[in-house]
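Novice: Let me give you the structure first, and then I'll get to my questions.
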Amino acid sequence: MDIHRKNILLQNCNTLETGQIIEIVQTGEISIDEFRTAGLNQEKINQIINALTSKEQAQNNANKKQEYLDKAIKGRVSADQIKANINNGNYSFDDLLDAGINTRVVNSLKHYCNSSRITMFKNINQLPPMEEGRTDVYFVGVPGSGKSTMLSGLLNIANKDGVLMPDTYNNDGSIYQTQLISDLNRGVLPNATASGSYNYVALSIKDESGAKHPFNIVEVPGENYVNMFNNGDVGEFLNYISNKNKKILIFVIDSLAHDTGYNDSTSQLDQNLVYVNILNMFKSNGILEQTDAIYLVANKFDAIKEGRYATNNSSDDDLALDFLQDEFKNLIENCKDARESSRNKFKIRVLPFSIGNVSYTSIIENFNKEHAKVVIDRLVDDSFVVRGSKFKLFG
């Protein structure tokens with residue numbers, strides 16, 4: 001703006017519209033102080049300052065909102081952080097959709113944020129006695145290894161394939177089972193098992209011939225296994241699992257945490273050492289004499305496959321075996337030694353497992369049914385079957 005025009009505007013400032021003055025100030029051609037010196041009345045000055053402050057605040061809010069959205073778009077936040085941003089009004093679910101996030105993912109986030117998902121807390125002495133005449137299945141794993149997530153995948157695929165038969169023996173377990181299946185159907189991973197809390201699910205799986213395989217599935221929190229490792233405090237647990245049932249032990253190995261040096265893991269303990277200790281605890285207390293199979297499961301397998309085995313076209317089974325032989329050979333050898341010294345020559349199986357593509361820590365975008373189905377098939381192969389228990393759905 002030339003000096004002549006500027007002087008004319010300043011001389012006639014009180015005849016200018018407020019909006020016109022705001023536009024001039026925003027361009028930086030004339031400042032508020034210059035208008036004030038030129039005699040602009042105080043009422044107009046206050047109006048201009050309020051308007052500029054409001055616009056600046058609105059722009060700051062818009063910038064802040066975009067910062068929050070950018071983190072969500074890039075997947076740099078957890079579902080819990082998204083829930084907090086929604087509750088704090090930083091953005092809405094519609095904003096997430098407008099930002100280009102997949103509709104199915106947004107619907108899963110809605111379920112995560114808005115539903116009252118059950119988190120049961122049961123001390124071991126609050127559980128009903130495990131029913132006899134079943135195969136007991138124990139998920140063994142440190143915190144964050146993915147035991148609950150793996151269980152949700154197994155229950156979900158058994159339900160989808162029409163082979164899952166919930167039993168009414170333990171109603172709390174049936175409620176928990178229903179919750180796990182329902183959450184995964186909506187694309188949401190289960191909450192971690194609360195520290196000190198046990199879950200017990202009684203169910204049966206039908207095999208191809210229609211025969212019934214009854215299971216007691218016991219989910220033990222990872223912290224309890226850590227306590228067993230650190231303190232040898234196993235009396236209460238051993239008293240609970242001591243029965244005549246055959247057993248399958250599933251060691252859930254967080255392959256991603258191990259492969260990355262436990263940098264982002266909730267547990268810093270070396271799984272190789274912890275699991276060998278737990279295995280020998282089972283051995284010294286006679287549990288392996290009733291064990292028909294031990295599964296060593298390389299969980300979160302998709303992550304190490306994309307990294308360590310990016311150029312290897314071998315099958316997932318072969319890659320999982322290669323990984324565990326490289327990284328968990330001591331555990332494998334201890335399993336073999338325990339089998340040799342046991343009257344019951346249990347099977348040792350190495351299996352890969354991945355729940356599928358996970359975003360925002362808790363949202364499953366693509367459920368990997370194949371891995372879950374293989375584990376279900378192995379459980380059926382290795383478990384007790386009720387003779388003469390064939391089911392017919394349609395005559």
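Novice: Scan the stretch 28-106 for trypsin sites (Lys or Arg not before Pro) in coil per DSSP, keeping those whose Cβ has at most 14 other Cβ atoms within 10 Å, and list them by number.
Specialist: Working: sites: R36, K44, K55, K64, K65, K71, K74, R76, K83, R104; in loops: K74, R76.
Passing both the DSSP loop test and the Cβ count: K74, R76.
Novice: Next question. Would you please give the residues with an amide H less than 5 Å from that of N366, counting only those at least 5 places away or on a separate chain, with H modeled from the backbone geometry?
Specialist: N357
Novice: In nanometres, what is the gap between the two model label sites at Q47 and T361, each 7 Å from Cα along Cα-to-Cβ?
Specialist: My value for the distance between the label points is 5.0 nm.
Novice: Given the -39500 (n - 2.57) contribution per DSSP H run of 4+ residues, what per-residue ellipticity at 222 nm results for the chain, rounded to the nearest 500 deg cm²/dmol?
Specialist: -15000 deg cm²/dmol
Novice: Hey, another quick one. Using θ = phi - 60° and the Karplus curve 6.51 cos²θ - 1.76 cosθ + 1.60, what whole-Hz ³J(HN,Hα) does each residue of the stretch 32-46 get, with Gly and Pro shown as x?
Specialist: 4, 4, 5, 5, 4, 5, 6, x, 4, 5, 5, 4, 5, 4, 5
Novice: Still on this structure: What is the spin-label model distance, in nm, from R36 to Q11 if the labels are put 7 Å beyond Cα along the C-beta direction?
Specialist: Taking the simple label geometry, R36 and Q11 are separated by 2.5 nm.
Novice: Then there is this: Out of all DSSP beta bridges in the chain, what portion is antiparallel? Express it as a percent rounded to 5.
Specialist: Values: 17 of 43 bridges.
Taking every DSSP beta bridge within the chain, about 40 percent pair in antiparallel fashion.
Novice: Also, quick follow-up: Where does helix 171-185 land angle-wise versus the long Cα axis of the chain, in degrees 0 to 90, nearest 10?
Specialist: The angle comes out at about 50 degrees.
Novice: Can you give the Rg to Rh ratio of the stretch 94-167, both from alpha-carbon atoms, with Rh computed by the Kirkwood formula?
Specialist: Dividing the radius of gyration by the Kirkwood radius yields 1.08.
Novice: List, in order, the whole-Hz ³J(HN,Hα) value for each residue of the stretch 247-262 obtained from phi through the Karplus relation with A = 6.51, B = -1.76, C = 1.60 and θ = phi - 60°; use x for Gly and Pro.
Specialist: For the stretch 247-262, the Karplus curve yields 9, 10, 9, 10, 8, 8, 9, 6, 5, 5, 4, 5, 5, 9, x, 6 Hz.
Novice: Just subtract the alpha-carbon distance of Q126 and N102 from 0.36 nm times their residue separation and send over the number in nm, one decimal.
Specialist: 4.4 nm
Novice: Counting only residues 5 or more places away or on other chains, whose amide H sits under 5 Å from the amide H of D136 once H atoms are built in the peptide plane?
Specialist: Sorted by chain and number, the residues that satisfy this are N216, K246, K247, I248.
Novice: Right, another one. Modelled label-to-label distance, T27 and D2, 7 Å Cα→beta-carbon offset: nm?
Specialist: 1.4 nm
Novice: Moving on to the next point. Of all the stretches in the chain, which is the longest one without any exposed loop site, taking chymotrypsin sites (Phe, Trp or Tyr not before Pro) in a DSSP loop (any state but H, G, I, E, B) with at most 13 other Cβ atoms within 10 Å?
Specialist: 122-390
Novice: What share of Cα pairs, in percent, lie more than 33 angstrom apart in the stretch 131-382?
Specialist: In whole percent, the share of Cα-Cα pairs in the stretch 131-382 beyond 33 Å is 12.
Novice: Something else: Using 18 Å as the Cα-Cα cut-off, could you pick out the over-long pairs in K160/K300; K160/K347; K283/K336; K300/K369?
Specialist: K160/K300; K160/K347
Novice: Non-local amide H neighbours of I348 (under 5 Å, H modeled in plane, Pro and chain starts lacking H): which ones?
Specialist: Excluding prolines and chain starts, which carry no amide H, the hits are I294.
Novice: The stretch 8-61: which GluC sites (Glu not before Pro) are DSSP loop and have at most 13 other beta-carbon atoms within 10 angstrom?
Specialist: When the GluC sites (Glu not before Pro) of the stretch 8-61 are filtered for loop state and at most 13 Cβ neighbours within 10 Å, E17, E29 remain.
Since every read-out is calculated from the coordinates, none of them should be taken as a lab result. Owing to the predicted nature of the structure, the values given are computational and were not obtained by experimental measurement. Virtual Cβ from ideal backbone geometry, glycine too; neighbours counted across all protein chains shown.
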